[in-house]
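Input: a single structure, listed below in structure tokens.
The values are calculated or read from the model by the stated rules, or taken from the named source; none is laboratory data. This one's a predicted model, so the numbers in the text were calculated from it and none came from an experiment. Methodologically, a virtual Cβ is constructed for each residue, glycine included, from the backbone with ideal geometry; neighbour enumeration extends over all protein chains shown. Heavy atoms of the whole protein, side chains included, go into the accessibility calculation; ligands, DNA and RNA do not. Shrake-Rupley method; radii C 1.70, N 1.55, O 1.52, S 1.80 Å.
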Amino acid sequence: MQRYILRRLIQGVAVVFGVSLVTFGLLFATGDPAALLLPLDATQQERDQVRERLGLNDPILVQYGRFLSGAVRGDFGRSIRQSEPALSLVIERLPATLELTLAAMAIAVLVAVPAGLIAAAWRGTIVDQAAMFVALLGQSIPSFWLGIMLLLFFSVQLELLPPFGRGGWQNLILPAVTLAMYSMARTARLVRSGLIDVLGQDYIRTARAKGLSEALVLRRHALRNALLPVVTVLGLDLAHLIGGAIIVETIFAWPGIGRLAVSSIGGRDYPVVQAAVFLVAVAYTVVNFLVDVLYAYLNPRVRFS
């Protein structure tokens, strides 16, 4: 197990290193960084002064080494628009993003597992077909379209829920449901297929032959084994939700990292964009690492392979 964890740690470090390259590339992908900081009518001398101050005249490897050193220490520079440390601005928004992401994950699990269980238990019936149709629909609908429709119906038409901002639990419902929809639909289908596969195993027949009720067979013997691959998918979904929150936060004006990144892109505040991308990527890597370790703990064949 230790060798498995060490191998995954090394792979995680390699991924973070790759992320640092991509994040550093953002600085140049938007054009000359010095030009972004100055008005359009700035002189060449003013641009040269800014390039010198930012160290942009140094060789590219020196610049990357400086960026990587700063990233390791949490120093992404200061926000161009707000003159505050970029990472501090991102961390200030982190609780809002985590709140939204965890709420979406909770909704996905609480709805998907019972839905998949019911669909598998009534396989081939109208209940199964209806549940899988809704799941397929949930996977097919784009998040931005679903968010707008929910907002128009529940906030504008019915005036039941607030349309924008972060506040009480009422503010959380629409963005969390929007963000959870894809994960919820995929997990429900995965739980159903896993259960159908497990229900055909010999030990399930043995449990039924002992006279156990169908509910007890499903809960005690089938569901636990069927949830093993779901653990991996849910872990990946959690990382996916953190990244996918960008669109949902923008639609519902949710003050999280995603909305900050979008507004910073519009304002060409690239230190904040770099800090947001790096933080989300590192969170993605950490979650994947924890999922790998948890999966190996639950399934010994993985760590010994």
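Tell me the mean residue ellipticity at 222 nm calculated for the chain from its helices only (DSSP H runs of n ≥ 4, each -39500 (n - 2.57), averaged over every residue, nearest 500). -24500 deg cm²/dmol, from helical runs alone. Spacing of the modelled spin labels on Val62 and Leu137, each 7 Å from Cα toward Cβ, amounts to 6.2 nm. Helices in the chain that qualify as membrane-span-like (whole DSSP H runs, Cα extent of at least 30 Å along the helix axis, mean Kyte-Doolittle hydropathy of 1.0 or higher) are 2-29, 86-121, 228-251, 270-298. Highest GNM mean-square fluctuation among Trp169, Trp254, Trp145, for the chain modelled with Cα contacts below 10 Å: Trp169. The mean of 1/r over all pairs of different alpha-carbon atoms in the stretch 48-146, once inverted, gives a Kirkwood hydrodynamic radius of 18.5 Å.
About the Cα centre of the stretch 177-263, how large is the charge dipole given +1 on each Lys and Arg Cβ and -1 on each Asp and Glu Cβ? Please answer in debye to the nearest 20.
Values: 10 positive and 5 negative charges, 76 e Å.
For this selection, approximately 360 debye.
Of the accessible area of the chain, computed with a 1.4 Å probe over protein heavy atoms only, carbon and sulfur atoms account for 65 percent.
Between beta-carbons, use under 15 Å as the cut-off and find the net charge around Ala253, counting Lys and Arg +1, Asp and Glu -1. Around Ala253, the charge tally is +1. For Arg78, the residues 5 or more places off, or on other chains, whose built amide H falls under 5 Å of its own are Ala86.
For the stretch 141-246, the list of trypsin sites (Lys or Arg not before Pro) that fall in a loop by DSSP and count at most 10 other C-beta atoms within 10 angstrom reads Lys210. Pick the calculated Rg/Rh (Cα atoms, Kirkwood Rh) for this structure from (i) 0.95; (ii) 1.08; (iii) 1.05? Given (i) 0.95; (ii) 1.08; (iii) 1.05, the structure-derived one carries the label (ii).
Per residue, the solvent-accessible area of the chain (1.4 Å probe, heavy atoms of protein chains only, all protein chains present) comes to 55 Å².
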